[in-house]
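The values are calculated or read from the model by the stated rules, or taken from the named source; none is laboratory data. Quantities reported herein were computed from a predicted structural model and do not represent experimental measurements. Ideal geometry is used to build each Cβ from the backbone, glycine not excepted, and the neighbour counts take in all protein chains shown.
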C-alpha cells in the first residue's frame, strides 16, 4: 500500500510539473467529530516526511456541532504562517459548505463528501467527489463511531492526491492513538481504505505534490501553551493558581500534568509545588500575590476577561511590590468577543493594568521556544523586580501547532531576587522595606516566617514610608511613586533584547511581536522580491530599551505590525518617542484569524504608495 | 459608651510577666489603634494580643492578614513582630490561600469585617473555607460599613434599623452557618464584650488544624449603636446567650479535667490542648453538624444571639495535606528541588519529535 514519493513523482512526469512541497490544505468539519485527531495525523505525516509544516485550528466556542476548520500549511522555505487561500480543500460539513465553496480561489482542488456534492456549483475548481459515507461502512461496524472514523479517511485520500507517504500516515495514527490499540487499528484501516479508494478512482494531483525532504530533522512540533507550561515547571514555579478560560486552560492543565510528573520529591513522593483551580480570576491572582508575598514563585495564566478581573490586584502587586506572573494568552475582545480566535488586543490594557499610575513589564515570546524560555524568565524577573510581570502570548501561538527546535536546559541559575535572611538582618542591623539602598530602585524584602526581630514589616496597598509604615504625607507618596518609575527603568535593562534582522539600504523598518513573527518574515521576503528592502525588529519585551529607540531613529518610517484595531503597541512606542511619533505607523490585522504575510505586504504597500 | 470596651492599649492586669517562650506581653502588641474610642474591634484586638501571648506563639511564625475596612486596619494593632498584609477589599481569603501554599508552616490570623467577608468577599471566603486553608479567621461583625459611614452590610439583621432610619428588609447572611455548610471544622460566635469567652475561642482556633471561623459581634460605636440596631452594645449585652462556658486548657499546662459528670464536655485539639464546654442553660453538642445548623436556623428565626463554639470537627485535612505538599515551605525550597534535571527535559522533548 505504500508508494514512495519518488515513484509517484515519476508517474506524473508527463503532466504539467506540480508545485513541490508548498501547499495549504484546509479541512472543514463539524466540531466534536474527532476531526482534530485526523488533522494532527495529516500534519504529522507531512512533518515526518521532512517538510516544514504548521497546523492551525479555527474552532468555534462550542463542544459539538458547529463548523470548524483546520489548516495545514507545508512549505519547504519554512513559511508556515497562515495563508489566505487554500490550495486543497476538504469539505465535510453541510453547515459551511456553501460558504466554503464560495471562498475557494479559482483552480483550487476540492475534495467533497458525496452527500455535499450537489452544493458544488463552480466550474473553476478541480473537484473530487468521495463517497466517504459508503466507504466507512465496511471499515467501521459500529454505526455510532462512523462519524468520527470517517474523518481519518480524508487523510488517506489526501495521501494519494498529494503523495503523502502512507507509512508516515499509519505511523502518525499509531502515535496519536498510542494508548488505544483498538482506535489505532480502526483508524489505520479507515485511512488505508480512503487511500486505496482514491488510488483506484482519482489521479494524483498535477497541481501540488509532496516530496520527502530533510528539513524537520531535530525539530519538534509543539503548542505554545505546552512550551510555556514546561518553562514554568523548569523555571521553578512553586504555586500555580488558575481559572479555566479559553485559550489559556491548556497551559495550566499541561503545567499541572508536568508538575505531577517531574516535580515530586523523589524520596517522599510529595509535591514541591501547589496547583489550585481557583473560583474566579480575582481569586487566582490573589492567590498568586499571597504566594509571592510569602516567597513562592507563583504564576497564573488567563485571557482577556480574566485580565479585566485581575485589575485591582495588579495595582496591589505593583504598589506593594510583590512578585507575581500573569501569562495572558490573548483572544479576541471586547467582552466575550471571539473566545476561540486570536488577537493581540490586551497589550495596552495589560501594560497599564489597574487604577492609578500603574505599569508592568511584559515579556512577549514569538515562538514556542521563547514561550518556554520567557515563562521561566518571568518567574526570575518577578522576584528580581518585586513586581507583577506579564507574559503576553496569544491563541495562535498558544493553541496551534508550531515547529520548533527542541528546548535546551535552562543554564541560568534561578534568581530569587533581593531577600534578606536572618543572618543578613543580623549583619545589616536594620531593615527598611521600601528603601532604595542599591540605586536600582529595587528594595530588599523579607519573607514571613523569617526568624529575626527585625524581619517583620507591614504590607499594604495604602501610602507608606520607606519603613513600610502608613503615611498620607505628600512627600512620602511622591517619593515612592518616583522610585517605582525608576524601578521600571531598571526593568528596561533586564528584559529580553529585541531581535533585529537587517537588509542593506533599507529605509523602512518593521516592528512586530508575538505570533506575527512568521507572517512578517514571509512578508519581508515577498517585499524583497519586489525590491522593497526592510529591516525588522522583533519586540520581545516592554518597556523598550535603547535598541528599539535606535532602530526607530535609524529609519525613515517604521511600521508596527499588530493584531488589534487600536494600534496599541504603536501608541506605547509613540509615547516613548514622541519626537518620532509621525514616523511610527501601524499595519493592523484584527479579523480574529491569525495574521498572514499578504496582509502585512498590503498594509505597507498601501501606506508607502500614499507617502 | 467608651467605658463599654476595654482598650487595646492597656495591659491585662492578670497576665503573667512573660509567657512560656519567655516573651513579654508587649511583644504581642502593635501600633496604637486609630479606631473610634470604644470600638468593639479594639476589644477583639486586645483578646488577640492576650491569646497569642498566653498560648506562647512565636511572633515570626505568624502572618497577619486582612482585607479593607475598619476591622482590617486592626492587624497593625497587634503582633508588631509578625509580617502583616492589609490586602484588597474582600480578597484576604485569596491572599491567605496563596501564602498558605507558599509556606504551610505559618500560623495565619485573618481579621475581616462583615462587609469585607459577607458582601464583597463572600465568594472567596466560602471557597477558602471549602479548601480548609490554615487560618484563624475573625469576622469583626458590626452589621455595617463603618469606614464609609454606616451603610448596611449583608450581616445586618432583617428588621434592623440604620442610623438614618432605614430598615433592612432583606434576609441576614449568617457566616457561621455558611462556614459549617462549607465543611469548616471550627466555627464559633462570640461578642467583643465577652473577653473571657473570646480568648478561649481564639486559643482553641490557634490550636485547630485548618480554617477556624470566629464571627464576633463587635459594635460600631459611631454608626450602629443606636436604638433599633441589633448589633449595638446595649442590644448585644442584653441578648447574648452563651451556649456553654468555654475554657481552654493548653497542652503545656496539663490539668486534670475534673468536673461533675454530665456538666462539661472536653474536646481534644490536635496539639494536645483542650477546649472545655461547661453546660449552661442549653444542652448542646457542637460536634453534631445537623444540630449546629438546626440551632443556627432557630436562632435566626427567633432572633437569638447565641455564642460559643458552634461546631467542631477535627477530621478534615487542611489544604496543605490535601495537596500532599512537602513538609518544608515551598517558598524556601532550594533550586535542586525546583528544577528537574536536564535529562527530564530531554525525555519530554522526545514526545514532541
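Being crowded, with 22+ Cβ neighbours inside 10 Å and under 30 Å from residue A:60 (Cβ atoms) is the filter here; which residues of region A:319-335 pass it? Result: A:326, A:327, A:328, A:329, A:330, A:331, A:332. Just to be sure, is residue B:258 surrounded by fewer than 16 Cβ atoms within 10 Å (Cβ to Cβ), over 30 Å from residue B:160 (Cβ atoms) and touching a helix residue (DSSP H, G or I) at 6+ places or on another chain (Cβ under 6 Å)? When the stated conditions are applied, residue B:258 does not pass them.
Return yes when residue A:604 is over 20 Å from residue A:499 (Cα atoms) and buried (at least 22 other Cβ atoms within 10 Å of the Cβ) and no when it is not.
yes
Hey, does region B:270-287 have a residue that's farther than 19 Å from residue B:207 by Cβ, in contact with a helix residue (DSSP H, G or I) (Cβ under 8 Å, 6 or more places away or on another chain) and not in a loop (DSSP other than H, G, I, E, B)? Among the residues of region B:270-287, not one is farther than 19 Å from residue B:207 by Cβ, in contact with a helix residue (DSSP H, G or I) (Cβ under 8 Å, 6 or more places away or on another chain) and not in a loop (DSSP other than H, G, I, E, B), which makes the answer no.
Taken over region B:107-125, the criterion of being facing chain A (nearest Cβ under 9 Å) and out of contact with any helix residue (DSSP H, G or I) (no Cβ under 6 Å at 6 or more places or on another chain) is satisfied by B:123 alone.
Find the helices (runs of 4 or more DSSP H) located wholly in region B:173-256 whose residues include 3 or more that are within 23 Å of residue B:145 (Cβ to Cβ), and list them.
Numbers: elements: B:175-181, B:195-207, B:233-239.
The qualifying helices (runs of 4 or more DSSP H) are B:175-181, B:233-239.
If you go through region A:254-286 and keep only what is part of a helix (DSSP H, G or I) and within 16 Å of residue B:323 (Cα to Cα), you end up with A:255, A:256, A:257, A:258, A:259, A:260, A:261, A:262. Counting only helices (runs of 4 or more DSSP H) that sit wholly inside region A:318-410, those with at least 2 residues that are over 17 Å from the mean Cα position of the chain (by Cα) and modelled with pLDDT of 95 or more are A:347-351, A:368-385. Residues in region A:238-261 that are surrounded by 24 or more Cβ atoms within 10 Å (Cβ to Cβ) and within 8 Å of another protein chain (Cβ to nearest Cβ): A:238, A:239, A:241. Taking the listed residues A:438, A:517, the one that is in a loop (DSSP other than H, G, I, E, B) and out of contact with any helix residue (DSSP H, G or I) (no Cβ under 7 Å at 6 or more places or on another chain) is A:438, with no other qualifying.
Considered as a group, the residues in region A:444-470 that are more than 9 Å from chain B (Cβ to nearest Cβ) and outside any loop (DSSP other than H, G, I, E, B) include one that is nearest to residue A:296 (Cα to Cα), and that residue is A:445.
Can you name the residue in region B:10-28 that is modelled with pLDDT of 95 or more and surrounded by fewer than 17 Cβ atoms within 10 Å (Cβ to Cβ) and is also nearest to residue B:221 (Cα to Cα) among such residues? Spell out the reasoning first.
Step one: of region B:10-28, the residues modelled with pLDDT of 95 or more are B:18-28.
From the residues that got through so far, the ones that are surrounded by fewer than 17 Cβ atoms within 10 Å (Cβ to Cβ) too are B:18, B:20-22, B:24, B:26.
Details: B:18: 33, B:20: 36, B:21: 37, B:22: 37, B:24: 31, B:26: 27 Å.
Checking each candidate, the answer is B:26.
Just one of the listed residues (B:31, B:35, B:79, B:65) is surrounded by fewer than 24 Cβ atoms within 10 Å (Cβ to Cβ), facing another protein chain (nearest Cβ under 10 Å) and at pLDDT 95 or above, namely B:31.
Here is a check on your reading of the model: is residue B:100 within 10 Å of chain A (Cβ to nearest Cβ), modelled with pLDDT of 95 or more and touching a strand residue (DSSP E or B) at 6+ places or on another chain (Cβ under 6 Å)?
no
If you check B:190, B:153 for being surrounded by 24 or more Cβ atoms within 10 Å (Cβ to Cβ) and modelled with pLDDT under 95, only one passes: B:153.
Condition test on residue A:425, is it in a helix (DSSP H, G or I) and buried (at least 16 other Cβ atoms within 10 Å of the Cβ)? For residue A:425, the condition - in a helix (DSSP H, G or I) and buried (at least 16 other Cβ atoms within 10 Å of the Cβ) - is met. Answer yes or no: is there a residue in region B:69-76 that is surrounded by fewer than 24 Cβ atoms within 10 Å (Cβ to Cβ), within 8 Å of chain A (Cβ to nearest Cβ) and touching a strand residue (DSSP E or B) at 6+ places or on another chain (Cβ under 7 Å). Looking for residues that are surrounded by fewer than 24 Cβ atoms within 10 Å (Cβ to Cβ), within 8 Å of chain A (Cβ to nearest Cβ) and touching a strand residue (DSSP E or B) at 6+ places or on another chain (Cβ under 7 Å), one finds at least one in region B:69-76, hence yes.
Picking from residues in region B:313-331 that are in contact with a helix residue (DSSP H, G or I) (Cβ under 9 Å, 6 or more places away or on another chain) and at the interface with another protein chain (Cβ under 7 Å from one of its Cβ atoms), the one that is surrounded by the fewest Cβ atoms within 10 Å (Cβ to Cβ) is B:323. Quickly run through region A:262-274 and pick out the residues that are more than 8 Å from every other protein chain (Cβ to nearest Cβ) and either buried (at least 16 other Cβ atoms within 10 Å of the Cβ) or closer than 17 Å to residue A:225 by Cα (or both). Once the filter is applied, which keeps residues that are more than 8 Å from every other protein chain (Cβ to nearest Cβ) and either buried (at least 16 other Cβ atoms within 10 Å of the Cβ) or closer than 17 Å to residue A:225 by Cα (or both), region A:262-274 yields only A:264. If the condition is being part of a loop (DSSP other than H, G, I, E, B) and more than 7 Å from chain B (Cβ to nearest Cβ), then region A:287-302 contributes only A:297. Test residue B:265 against the stated conditions and say whether it is away from chain A (no Cβ under 14 Å), loosely packed, with under 13 Cβ neighbours inside 10 Å and outside any loop (DSSP other than H, G, I, E, B). So residue B:265 fails the test.
A single entry from A:200, A:143, A:190, A:123 fulfils the requirement of being closer than 30 Å to residue B:353 by Cα and out of contact with any strand residue (DSSP E or B) (no Cβ under 8 Å at 6 or more places or on another chain): A:190.
So, residue A:232, is that one touching a helix residue (DSSP H, G or I) at 6+ places or on another chain (Cβ under 6 Å), buried (at least 16 other Cβ atoms within 10 Å of the Cβ) and outside the structural domain of residue A:285 (by TED's automatic domain parsing) or not?
no
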